[in-house]
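**Q** Structure provided below as structure tokens; questions to follow.
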Amino acid sequence: MKESLKLLNVESAGFEDVGSASRVMKVDEDILAEAKKISDLTEQESFLRKILEKDPFGYVSSKCYLATLVKNKDPKYACDLILSACQADFLNPNNYLIFAEIAAEHKAWLVARDTLMIVKWLCSDASKDILEKLKSLNTLVLESIKNKVEDNSKDKFWSNKSPDKYSILLKLHNRSKIKKVIDYSFKLLDVFPEDKENYETVIRALSLTQNREAINRFIEYVQKNLSADIASQNLYLGIAYHFLSDFDTSLSYLQEVLKKDVINPNALYYLALNFLIKNDLKNFVSTFNKIIPPPKDYFIALYFISGAISSLEIKTTKFPDQKNISREVTLVIKKLLQNKQDELAHFIIKQFKKLNYYSILEFLQPNLAELFIRDNCFDHAREVLKDCTDFEVYRLNAWMYRLEGKEDLAEEELVKYRKSWIPDKDSGIFPRPVDLNLPDKAPDDIEQIFKFLESAYSQAKEMIHQFSLEYGLNIMTCIETVCQDCCKKTFPAVTYTEYLYMRYWLEKQSEEFKNDIYKKSNEIVNLYRERYKKDPPFVCNESSNIRKEYPYNFTFTCPYLGDNKCNIYEARPFDCRSYGYGTDDGFRHKSCKYFFDQVKAASRLTLERKAINIRSFFEFAKLTDEKLIGRRIVAPIPVWFAQSHEETLKKINNDISKSS
């Protein structure tokens, strides 16, 4: 086993007790239903606390219910539960409604008001129950604010707890839901047409999508809906044209704003940024010096840029949130490089070193180096990293060596990094799903379907290769650790489309091999019948969770597992291919502990990690299943291969009729 893998001190895949009787992992709705059967509320609370402490991820409905039980006696725990639910299911208005109820009960009126705005934004007209509760609570909150009832919103307890709209749009963007970012952005403007702050939230979110059509739509929206407020109209048009890289038009609109409001911070900020990108340093510095900056990361980032250009010495001190400030500084440098201002960008970077800014923003060097590595500018990256004292330098060196094919040197640097890396038990990591490029319509015939299936497999292979290069993931982990737990203690969800692909491969194998697969699959199916007193079903209902029919403690060895190898490797399902490298809910990595700890230890610059968007594959497979058999069908491997193809079709049709 490589030393870099040993250093993580992972002793197993983490599946030790999955098959035990004591380890019965249930889906959220089953846990909640079981809790509600308990008549004593104290016992209900104890039951839910015990489960959620053991398995803290997901379980949104159970968390919301428990929060309502404890919100009076333990508001901190209730808030933690609800904020966790909001993190997992961030478009669900009910989660925010419960948070607003907690805030109102503890007289944090402003927090409640702002959260109720999110509820109204996310709520659909069909959610009548939520809308009624929203209306009633909103009346109470607004009357309390109007009557100046004591407000606890400024108390330390509520600091940084309030959900905000931009973070919701950012989560959508980070999950590659670009269309939803656009849809929810314009819905926000429609729901609150008088709230000018939402325009800044929306244009910042749309800028992340880099969708010029959406930004032009925003321009039309501003021209139509802010015609009575020329100052605001000019401001948001100026910002929008900045993000379209039409800097001259942006300048003209922003200068109009400043004729009426000479200290408007947003107008001054984007005006200064326009001057910087145009390499008009005199106007950049003079404009920036007029800003009374709000405490926002991107304003502070421009302060360091201005300081570097002006050779301003800054007292060595650690800035709060300097990780985000470093990231924002790097984004400005990136924008300069994209606009052919290479000389200016490199001058500013040299000034950072000369003025000792790196001692203030300790994450700035690694962020800048990452920027250059992504552009394959290794000389610039290595120059930036000279004299860098942060141990991220080892990780970045390892990444460059891997890209250069120097595996031994990469391993040496990765070992140094992992010897220095101290895991933070209090912080998690969040997947950033990367979509597969697949059609949004099912192909016409099985040959074309298989062609796109193979394309999905090839794309996943390339993503895994790129993630491994960047994060230092050991693709030989299963072999080096002699671990087959994912083939024995968990199983892939296989669609009808993938079943056909696997069967097509199986038909080319020897009779002895085919009979062995049939025999092993039958043994597993019989084990299921014995335990659950029914035939293992094909899951046909989209709303059904496969784990309701196949609980976590129902384990078996995959019939295709050979002697320390997968006997169907070239035709294995997508779930198997993406395991360790993907996410199917945009919130958690689908992985064993061996891979998860490698992913977690990949970087300190961000908690985000790229991951294959498994759902993007299953959305395509749903289309092809519907094309081929009329319904999306999912089941474990042995359920598909325990009988002939004809018998499989009969069982599927029978299960479809039961679910209809």
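**Q** For the condition closer than 30 Å to N397 by Cβ and exposed (fewer than 15 other Cβ atoms within 10 Å of the Cβ), what is the one hit in I422, I464?
**A** The unique qualifying residue is I422.
**Q** Still on this model: Within the group L312, L344, L336, which residue is under 26 Å from Y166 (Cβ atoms) and hydrophobic (A, V, I, L, M, F, W, C)?
**A** L336
**Q** Here's another thing I want to ask about it. Report whether or not T201 is at negative phi and surrounded by 19 or more Cβ atoms within 10 Å (Cβ to Cβ).
**A** It is true that T201 is at negative phi and surrounded by 19 or more Cβ atoms within 10 Å (Cβ to Cβ).
**Q** Can I ask one more? Can you name the helices (runs of 4 or more DSSP H) wholly within the range 194-270 that have at least 2 residues being in contact with an Asp or Glu (Cβ under 8 Å, 6 or more places away or on another chain) and of a type outside the set (A, V, I, L, M, F, W, C)?
**A** Here the list reads 230-243.
**Q** Separate question: Give the residue that is farthest from the chain's Cα centre (by Cα), with candidates limited to residues of the range 310-366 that are acidic (D, E) and at pLDDT 90 or above.
**A** Within the range 310-366, the match that is farthest from the chain's Cα centre (by Cα) is E313.
**Q** Hey, can you tell me all the residues within the range 158-179 that are out of contact with any Ser or Thr (no Cβ under 7 Å at 6 or more places or on another chain) and either crowded, with 16+ Cβ neighbours inside 10 Å or of a type in the set (G, A, S) (or both)?
**A** Correct list: W158, S159, K161, S167, I168, L170, K171, L172, N174, R175, S176, K177.
**Q** Still on this structure: Does the range 451-468 include one or more residues that are part of a helix (DSSP H, G or I), within 20 Å of the chain's Cα centre (by Cα), among the small types (G, A, S) and at pLDDT 95 or above?
**A** yes
**Q** Please go through the range 1-45 and pick out each residue that is among the polar types (S, T, N, Q) and either at pLDDT below 85 or outside any helix (DSSP H, G or I) (or both).
**A** Answer for the range 1-45, where residues must be among the polar types (S, T, N, Q) and either at pLDDT below 85 or outside any helix (DSSP H, G or I) (or both): N9, S12, S20, S22, S39.
**Q** Quick one: P295 ticks every box in (1) within 31 Å of the chain's Cα centre (by Cα); (2) in a helix (DSSP H, G or I) except a single one, so which number is it?
**A** It fails just one condition, (2).
**Q** Whether any residue in the range 334-354 is in a loop (DSSP other than H, G, I, E, B), surrounded by fewer than 17 Cβ atoms within 10 Å (Cβ to Cβ), assigned by TED's automatic domain parsing to the domain that holds F304 and in contact with a helix residue (DSSP H, G or I) (Cβ under 7 Å, 6 or more places away or on another chain) is what I want to check.
**A** yes
**Q** Here's something else I'd like to know. Within the range 564-585, how many residues turn out to be buried (at least 19 other Cβ atoms within 10 Å of the Cβ) and of a type in the set (K, R)?
**A** Total satisfying the criteria: 2.
**Q** I'd like to check something: does the range 255-262 contain any residue that is under 21 Å from E197 (Cα atoms) and acidic (D, E)?
**A** yes
**Q** For the range 297-347, give me each residue that is β-branched (V, I, T) and touching a Leu at 6+ places or on another chain (Cβ under 9 Å).
**A** I305, I309, I314, I325, V329, T330, V332, I333 - these are the residues of the range 297-347 that are β-branched (V, I, T) and touching a Leu at 6+ places or on another chain (Cβ under 9 Å).
**Q** Does at least one position in the range 137-149 carry a residue that is among the aliphatic types (A, V, I, L, M), crowded, with 16+ Cβ neighbours inside 10 Å and farther than 30 Å from H589 by Cβ?
**A** Yes, the range 137-149 contains a residue that is among the aliphatic types (A, V, I, L, M), crowded, with 16+ Cβ neighbours inside 10 Å and farther than 30 Å from H589 by Cβ.
**Q** Is there any pair linking a residue in the range 608-637 that is touching a residue at least 24 places away in the same chain (Cβ under 8 Å) and hydroxyl-bearing (S, T, Y) to one that is buried (at least 24 other Cβ atoms within 10 Å of the Cβ) and assigned to a helix (DSSP H, G or I), with Cβ under 6 Å and at least six apart or on different chains, and which?
**A** T624/T497
The values are calculated or read from the model by the stated rules, or taken from the named source; none is laboratory data. Owing to the predicted nature of the structure, the values given are computational and were not obtained by experimental measurement. Quick reminder, even Gly has a Cβ in these numbers, built from the backbone with ideal geometry, and neighbours come from all protein chains shown.
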